[in-house]
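A short write-up of the structure that comes next.
The values are calculated or read from the model by the stated rules, or taken from the named source; none is laboratory data. Source: prediction; values computed, not measured. FYI the Cβ positions are ideal-geometry reconstructions off the backbone, even for glycines, and counts take in every protein chain you see. Note: accessible area is taken over every heavy atom of the protein model, side chains too, but ligands, DNA and RNA are not part of it. Shrake-Rupley method; radii C 1.70, N 1.55, O 1.52, S 1.80 Å.
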Amino acid sequence: MIDLLSLDKDELSDLLVNELGEKRYRAKQIFSALHSGVELSDISTLSKDLRQRLSEKAYAHFPKIESKQVSKDGTVKYLFSLRDGHCIESVVMKYKHGNTICISSQIGCAMGCVFCASCVGGRVRNLLPGELIGQIISAEKDTGERISNIVMMGIGEPLDNFDNVIKFLKLVGDEDGLNIGQRHISLSTCGLCEKIRKLADMKLGITLSVSLHASSDEKRSAIMPVNNKYPILELMAACKYYYKNTHRRISFEYTLISGKNDSREDATALAELLNRKLRDDADMPIHVNLIRLNEARSGLSAPETKRVDAFCKVLESHGISATVRRKLGADINAACGELRAIKNQQTL
Ligand code: SAH
């Protein structure tokens, strides 16, 4: 069976013309209807006969709401089930400049960061392009509001699902569909250097976020196993390559974990790393996003807010633009992977 939500308009036209003997213009009707959340069986511009013949070869499954939590600040967290019954999470956050959705890119994750709940149980499979976009369609349908920004910061490592993510970027930007341009999309990676370079070569307009979380190989490898394969200097070189190709500012995520990476010395070391390796010749614009650990997994604790602010000040005093991420959805389980892990009854 073909997943209709994973097809672009050209592929949909080919299916209609070659397999079903239909006219090309039908593709646009079907694409628009599906991307606005209309079930295949309810697309009224198509004859019953065509809907029937199409459903013999293809399907469109919208992620189904298994549970939903609404925070006092308006943040909505969904646990969605997919066609095969696996669950993923998406979070809708309301900002003055519009609604932002944080989507998952895989079922589970193979990267093994010690503080992250998404890795529990490893990687089950990649999400299809249709399952990536389906999260947005289902969330828009449920909230009744347009979503204008996307962050790929949910469960999974997006660059470990490269081809499907690239196809998704094309689908989501289609003006007959969700029409969300690349300037409104951020992709976060734990630092798969070859894939960062491959993405750089495509010269897209998306914002790249890199999860750094430590500035020495020793400290980073202790919390992020990916650092054994792609150590920090290699990562810095890949980031520079990304900037030189795209001229897009890179944003670094740094989760503060008490006693691991949150001292003044750690802050100075981070500033020196970024200044020496990235801002030396290119004067590359960068930003550091500080995140206070969400204590989703035992054994690690979050520093006090004062310590996070002090860390931020040290970075600023070295000329690094930095902000502490505002915590939305604090009263719900809004850390990536928590709901799915609870649902699967795995221990955190
Ligand atoms: N695989 C991608 C996207 C993951 S989640 C990546 O690694 O970037 C988005 C961000 O949340 C990452 O920076 C991740 O390291 C961070 N994160 C994961 N678990 C966290 C936790 N418990 N507390 C704070 N930040 C966390």
Antiparallel bridge percentage (DSSP; both residues within the chain; nearest 5): 45 percent
Selected from Lys96, Lys244, Lys28 as most flexible by GNM, with the chain as the system and alpha-carbon contacts under 10 Å: Lys96
Cα shape, segment 38-145, gyration tensor, a/c 1.5 rule: oblate
Relative contact order of the chain, defined on C-alpha pairs under 8 angstrom at six or more residues apart (%): 16 percent
Nearest 10 degrees, 0 to 90: helix 129-143 Cα axis against the chain principal axis: 90 degrees
Charge context of Arg51, other residues only, Cβ under 14 angstrom, K/R +1, D/E -1: -1
Beta bridge orientation in segment 79-196: antiparallel %, DSSP, nearest 5: 65 percent
3J(HN,Hα) from dihedral phi, segment 252-261, Karplus parametrisation 6.51/-1.76/1.60, rounded to Hz, x for glycine, proline: 10, 9, 9, 8, 8, 10, 4, x, 9, 8
Eligible lysines near Lys203 by straight Cα distance, threshold 19 Å, same-chain separation 8 or greater: Lys167, Lys170, Lys195, Lys240, Lys244
Amide H contacts under 5 Å for Ala58, placed H, 5+ residues apart: Ile2
C-alpha long axis of helix 305-317 to longest principal axis of the chain, angle in °: 80 degrees
Largest-first ordering by accessible area, 1.4 Å probe, given options Met152, Met202: Met202, Met152
Solvent-accessible area of His184 with every protein chain in place, 1.4 Å probe, in Å² to the nearest 10: 90 Å²
Computed over the chain, Cα set: Rg, Dmax in Å: 21.1, 69
0 to 90° range, to nearest 10: angle between helix 232-246 axis and the chain longest Cα axis: 50 degrees
Spatial separation of Cα centroids for segment 1-43 and segment 258-322, in angstrom: 47 Å
Asp42 accessible area, 1.4 Å probe, all protein chains in place, Å² to nearest 10: 90 Å²
Karplus (6.51, -1.76, 1.60) ³J(HN,Hα), θ = phi - 60°, over segment 97-112, in Hz, Gly and Pro reported as x: 7, x, 8, 10, 10, 9, 10, 8, 10, 9, 8, x, 7, 9, 7, x
From phi via Karplus (6.51, -1.76, 1.60), per-residue ³J(HN,Hα) for segment 181-188 in Hz, x at Gly/Pro: x, 4, 5, 9, 10, 10, 10, 10
Lys64 accessible area, 1.4 Å probe, all protein chains in place, Å² to nearest 10: 120 Å²
